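To start, the structure under review is shown below, and the notes come after it.
The values are calculated or read from the model by the stated rules, or taken from the named source; none is laboratory data. Everything numeric in this text was worked out from a predicted model, so none of it was measured. As a convention, Cβ positions derive from the backbone with ideal geometry for all residues, glycine included, and neighbour counts pool all protein chains shown.
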């Protein structure tokens, strides 16, 4: 019998938060409370403490993050407050309430210089403020909750919600005849709905239901590998948009924050631990594009 009854989801207006919200009807055994900045300001410790005094949970799913990768370079304190310190405070809240915790992290904790998919045991070496603050959040959680928590690193998240690469390409594809897209950064696009479904599969699994399991880190993205250039080309092929895509190198498109050149994640651990089947990235992209077309 699953003991997870009341679930707090932070970052409710983000891609993953909204994807979890779209799945909640399929899980009548769980009562979800979705919060965003208006209900719970994660940059304010006092606000988090007050919130915990008035609300009780069996599980916290932390989808909230400061994700403006380039802006983080000029706003390191705010990025640190949300990506690091807030995770610490939420973990402390979970400990006090004897709740479990699922925290979403990123491929940006790695330096992107490897040539095989990153496992959970590979050395971390973030190259940006965003990556560093996300790593500090992971470390704070591991220190505060050595038991009953999961860290799930993901990459290249997109969905029918909020702003993301798929929606940006769709918009620009309508407005322009040609686009320049980076070809020397390689990873795996991840459909937020697939990640949300994987999270709910974990939450309702027998292994997650056990008391006092060791806190672990897992990787989740869709299957397969591509560059941003390949990703853009596939979006236009599947939507029928007539837009030429020109491959460019990272050096031709300088940004304040460094991006990993290679951020493919090895998903063997999460697949084996929770018996999860992961869809191929092109199949999931097609699903997302169908949903977006229905909304038009």
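With the condition kept exactly as written, say whether any residue in region 137-146 is in contact (Cβ under 8 Å) with a residue 60 or more places away in the chain, buried (at least 21 other Cβ atoms within 10 Å of the Cβ), within 30 Å of residue 295 (Cβ to Cβ) and within 18 Å of the chain's Cα centre (by Cα). No; the residues of region 137-146 include none that is in contact (Cβ under 8 Å) with a residue 60 or more places away in the chain, buried (at least 21 other Cβ atoms within 10 Å of the Cβ), within 30 Å of residue 295 (Cβ to Cβ) and within 18 Å of the chain's Cα centre (by Cα). Being under 22 Å from residue 210 (Cβ atoms) and surrounded by fewer than 21 Cβ atoms within 10 Å (Cβ to Cβ) is a property that holds for residue 97.
Taking the conditions exactly as written (under 25 Å from residue 69 (Cα atoms), in contact with a strand residue (DSSP E or B) (Cβ under 9 Å, 6 or more places away or on another chain), crowded, with 16+ Cβ neighbours inside 10 Å and touching a residue at least 60 places away in the same chain (Cβ under 8 Å)), does residue 253 satisfy them or not? In short, no. Just the residues that are assigned to a loop (DSSP other than H, G, I, E, B) and at pLDDT 95 or above, please, taken from region 277-296. Those that are assigned to a loop (DSSP other than H, G, I, E, B) and at pLDDT 95 or above: 277, 278, 279.
In the set (1) part of a loop (DSSP other than H, G, I, E, B); (2) under 24 Å from residue 72 (Cβ atoms); (3) at pLDDT 95 or above, residue 231 fails one condition alone, (1). The condition of being farther than 16 Å from residue 277 by Cβ, out of contact with any helix residue (DSSP H, G or I) (no Cβ under 9 Å at 6 or more places or on another chain) and modelled with pLDDT of 95 or more holds for only one of 211, 192, 178, that being 178.
The set of residues in region 215-254 being on the phi > 0 side of the Ramachandran plot and in contact with a helix residue (DSSP H, G or I) (Cβ under 6 Å, 6 or more places away or on another chain) consists of 224 alone.
Residues of region 155-191 that are surrounded by fewer than 19 Cβ atoms within 10 Å (Cβ to Cβ) and at positive phi: 162 alone. Would you be able to say whether some residue in region 194-202 is surrounded by fewer than 17 Cβ atoms within 10 Å (Cβ to Cβ) and either within 21 Å of residue 22 (Cβ to Cβ) or in contact with a strand residue (DSSP E or B) (Cβ under 9 Å, 6 or more places away or on another chain) (or both)? Scanning region 194-202, I find at least one residue that is surrounded by fewer than 17 Cβ atoms within 10 Å (Cβ to Cβ) and either within 21 Å of residue 22 (Cβ to Cβ) or in contact with a strand residue (DSSP E or B) (Cβ under 9 Å, 6 or more places away or on another chain) (or both), so the answer is yes.
Kindly check whether there is at least one residue in region 147-162 that is part of a helix (DSSP H, G or I) and either touching a helix residue (DSSP H, G or I) at 6+ places or on another chain (Cβ under 6 Å) or touching a residue at least 40 places away in the same chain (Cβ under 8 Å) (or both). No, that holds for no residue.
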